[in-house]
1. What distance in nm separates the two pseudo spin-label positions at Ser22 and Arg4, each 7 Å out from Cα along the beta-carbon direction?
2. Please give the length that would be gained between Lys29 and Lys56 if that part of the chain were fully extended, namely 0.36 nm times their separation in residues minus their C-alpha to C-alpha distance (nm, one decimal).
3. Ranked by Cβ crowding within 10 angstrom, fewest neighbours first, how are Ile19, Ile26 ordered?
4. Tell me which residues come under 5 Å, amide H to amide H, from Arg33 once H is placed; ignore anything under 5 positions away on its chain.
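Every number in this text was worked out from the coordinates using simple rules, so none of it is lab data. A quick note: this is a predicted structure, and the numbers were derived from the prediction, not measured. Here the Cβ positions follow ideal geometry from the backbone for every residue, glycine too, while neighbour counts run over all protein chains shown.
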Amino acid sequence: MPQRVVCSECSNILYEGDILKSPQDIVKKFDGRCPSCGRKLSFSTKNLSIYPFEEKDDK
Ligand SMILES: [Zn+2]
């Protein structure tokens, strides 16, 4: 199931994909800051929201 990681401050989507990445990898990718609101991202999941989402399949 696809995973989505969003900034808990501004809901900017930091990662979206089939593979569940660790918060550490995502924080590292953005140099520790949310590219949208500039909030310092924690290495814990405290400041991130990770949840599965369902892809719409309109066939
Ligand atoms: Zn943010």
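1. That separation, rounded to one decimal, is 2.5 nm.
2. Working it through step by step, the gained length comes to 7.0 nm.
3. Arranged by neighbour count, lowest to highest, Ile19, Ile26 become Ile19, Ile26.
4. Result for Arg33 returns Leu41.
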